[in-house]
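Contents: one structure, followed by commentary.
The values are calculated or read from the model by the stated rules, or taken from the named source; none is laboratory data. Predicted model, so just to flag it, every value in this text is computed and none were measured. Don't worry about glycine lacking a Cβ; one is built from the backbone with ideal geometry, like all the others, and counts go over all protein chains shown.
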């Protein structure tokens, strides 16, 4: 990264810290995507030491218990003093300060749910009197150290934070200079903030550019508006100007972009298409009279007669309000500039949209992995032997009702020893051990040969089978994935998912045709199956092909070589010991296909005998149960 | 208590607002399922609901909000009565209980009160969220991500209206009748059909795509944050009006009739859509009654059926792998044949 670019990125990172210090609850938080290191430390030191030194920074450990987080009975103190002691949770203690979430990519969805409920309400339950709430507002600082593409902070949490900062591309000499912000500046900005207004036309521009980048969430718009105000406060102004709008758009909207804006001509029909379902014109008039008296025309233009006939509108808009149009251009440029170059290429293609969604799904898979490797189940009465862990809370719960009786009993027996009657007495009967539930879900991977002329029919059957399987398996919570062979490559068209909606969407636009790189496909399916196994689930492979390979592992044409490669990779599948269902899709059973099936130790089924998606799904379910 | 954004200031999302209004008029419709993206105002809408509900009469001090006029009271109140306690009556707001995704079974079902056990050595039941939600609303965000064992529990409790606790030497049953409101994003996971069935109505929300609406949402939110008291004052009249409308609809509800012709139509509709069981038809009937009452009329018509059918039926359709269209389209397609 060039020095100049790196420098401004560093200043942006510092600016977000300052903004969060000014309006912690309003802006939600900052996600620092970076590995542990001096730059991250420097950023945090800027916040903690330089600009907001007096504030409370509460680290939330990964494996935090609900009682610690939300407050409640303090078991330790209670046992020590022999009477109930309540303590506020870490969140309540963070009121007015910040919570720091280390390794944010690993926080459990449960902890996230608890934190976000408090964030949403702005208050937390009183630890003792649970009918009451005490105010609780804080800013969140999340350190996301995820490396793999599917390893990042839960999208639910990300949604509640205004900013995301990537520090990894920066070098140390980008970070030698620092913005000159003092605690006094922050304190004054805080005082100024409530009086600052953001002009309605600015709000419109921000939302317009958010829409252009496919930022759908209303919360993003809200964050952007709040960021303009915090920026104005920081800059010692009493009102928001264009500069703040541009900066806020860059800081809040850039990382939320899901697509690149289409050029102006394409963009308009897009919007009008969305407008067609709006029968909300009843709502518009009163909103306009109340809020946009200064500029009623401007509001009319894009919304009411903006449907399609853009050419007629644009010059008019330009004549009346040149600056607003310019501002939108400026915003779009500012956001575009912030998107990393490689991501830009991705966003530009249609695939980019799907990919960004895949990113968020991947996290779920990752989180579910944790759940699979041992979800805590109800504890059992028993002794903590053989590696079993004692469930302290359960044990105490079990012991507690008997305390009065036991104490009276033991006093009678050994009056000298038990003078301090307040100690809790635990008997072997009370002991509870933790149990974990191992739930091995099945992931069915379809490898579909989408080549040649009969591709359409085969794909339709495979799609039917995928959907049938998903429809059948809510209760088992199984997942389905699909890899398609087409041309020279094997593409993952559906990463493992349990969502029928998602499967339908991904499979709807699946094209067919091209060569048959069977070997590449087998290798890809093997890789996916192994990775599923590592996550603690069981892969089941369904191969749908006529067995005629014509593209080799290197991606070159040639039947003989391709077949040899296919046989070779098939053996690898057998070696890995996967359960495989081989469906011969040719109109009559093929020797080649049967040979391949044998080589991978698969169950071989010619399609004429098993001719519907439903039948395939039943076979697969049967195989999975074995 | 933090101030909530007013219900009547929520822009668009008419279907969601209608479904919630109907569930307040006729709670036996059985809950609302809201499916949609993050940041569509689901939580805001649910939280704003509390302000619309008229307060209810309860037995003072009863953890389950017993209705003093009910024929049977909960075990705690009955015990007090037999002990010769004179039960007093209180007026309290209808509870709207948030159940977080990560709630433990202890917190949901209730558990042994450790405080009492420690300090007094007695076994006392500490009621959980199900008790708190009795006669009110239980809201579960991301309901499709809920742990399986909690789903089982909710499926059971919402059918029986009773929470049975058998744990830690406790043996207790208490009333737990509530309107279940769930929300979630279908892309993140499916909901079990049995759970789906517990919801009377379902709606699909999206962020308004219309720019004017989006701008309006932000502006109102901005105004609310700048001056919540002033903003609430601005909507005081419309809130009062809506509250009044709910009240009068409730009164009207008992007098609304649903003609046999409309019921026949409803049955045919369910048959053609292939919805499982009778619950679809029952929900249609109750929903039509509530909708007619909400409209201020005393007779439910085919028009009411048409408006209600997508809400009441779209989550009850059997999956059809050969039909790619969404369930909403499927309901609408069949409706088009009927009307």
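Assorted remarks:
- Candidate set: segment A:546-573, residues that are under 35 Å from the mean Cα position of the chain (by Cα) and outside any loop (DSSP other than H, G, I, E, B); chosen: the one nearest to residue A:601 (Cα to Cα): A:573
- Where a residue in segment B:206-221 is more than 7 Å from chain A (Cβ to nearest Cβ) and its partner, wherever it lies, is not in a helix (DSSP H, G or I), with Cβ under 6 Å and at least six apart: B:206/B:36; B:208/B:12
- Residue B:271 under 24 Å from the mean Cα position of the chain (by Cα), more than 8 Å from chain A (Cβ to nearest Cβ) and assigned to a helix (DSSP H, G or I): no
- Meets criteria (more than 17 Å from residue A:257 (Cα to Cα) and either within 14 Å of chain B (Cβ to nearest Cβ) or in contact with a strand residue (DSSP E or B) (Cβ under 8 Å, 6 or more places away or on another chain) (or both)) for residue A:218: no
- Residue match in segment A:125-134 (condition: closer than 26 Å to residue B:126 by Cβ, in a strand (DSSP E or B), touching a helix residue (DSSP H, G or I) at 6+ places or on another chain (Cβ under 9 Å) and modelled with pLDDT of 85 or more): yes
- Index of the failed condition, residue A:137 passing every other in (1) more than 11 Å from every other protein chain (Cβ to nearest Cβ); (2) touching a helix residue (DSSP H, G or I) at 6+ places or on another chain (Cβ under 7 Å); (3) in contact (Cβ under 8 Å) with a residue 60 or more places away in the chain; (4) not in a strand (DSSP E or B): (1)
- Those residues of segment B:95-127 which are assigned to a loop (DSSP other than H, G, I, E, B) and in contact (Cβ under 8 Å) with a residue 24 or more places away in the chain, in sequence order: B:95, B:100, B:101, B:103, B:123
- Residues of segment B:91-120 that turn out to be at the interface with chain A (Cβ under 10 Å from one of its Cβ atoms) and on the phi > 0 side of the Ramachandran plot, as a count: 0
- Residue A:562 out of contact with any strand residue (DSSP E or B) (no Cβ under 8 Å at 6 or more places or on another chain) and closer than 15 Å to residue A:451 by Cβ: no
- Test: residue in segment B:183-194 that is touching a strand residue (DSSP E or B) at 6+ places or on another chain (Cβ under 6 Å) and facing chain A (nearest Cβ under 10 Å): yes
- Unmet requirement for residue B:39, which otherwise passes all of (1) within 18 Å of residue B:177 (Cα to Cα); (2) within 14 Å of chain A (Cβ to nearest Cβ); (3) in contact with a helix residue (DSSP H, G or I) (Cβ under 7 Å, 6 or more places away or on another chain); (4) not in a helix (DSSP H, G or I): (1)
- Taking segment B:1-16 as the range and being touching a helix residue (DSSP H, G or I) at 6+ places or on another chain (Cβ under 9 Å), part of a helix (DSSP H, G or I) and surrounded by fewer than 22 Cβ atoms within 10 Å (Cβ to Cβ) as the test, the residues that pass are B:8, B:9, B:15.
- Wholly enclosed strands (runs of 3 or more DSSP E) of segment A:68-118 bearing at least 2 residues over 19 Å from residue A:30 (Cβ atoms) and either modelled with pLDDT of 75 or more or more than 13 Å from chain B (Cβ to nearest Cβ) (or both): A:71-73, A:86-88
- Selection status of residue B:316, in contact with a helix residue (DSSP H, G or I) (Cβ under 6 Å, 6 or more places away or on another chain), farther than 17 Å from residue B:25 by Cα and touching a residue at least 60 places away in the same chain (Cβ under 8 Å): yes
- Candidates B:50, B:79, B:19: the one that is away from chain A (no Cβ under 13 Å), part of a helix (DSSP H, G or I) and under 23 Å from residue B:239 (Cβ atoms) is B:19.
- Here residue B:239 meets the list (1) at pLDDT 85 or above; (2) assigned to a helix (DSSP H, G or I); (3) within 14 Å of chain A (Cβ to nearest Cβ); (4) within 30 Å of residue B:291 (Cβ to Cβ) almost entirely, failing just condition (3).
- Any chance residue B:279 is in contact with a strand residue (DSSP E or B) (Cβ under 9 Å, 6 or more places away or on another chain), over 21 Å from residue B:205 (Cα atoms) and surrounded by fewer than 18 Cβ atoms within 10 Å (Cβ to Cβ): no
- Here A:239, A:232 are screened, and the one residue that is surrounded by fewer than 23 Cβ atoms within 10 Å (Cβ to Cβ) and either within 11 Å of chain B (Cβ to nearest Cβ) or in contact with a strand residue (DSSP E or B) (Cβ under 8 Å, 6 or more places away or on another chain) (or both) is A:239.
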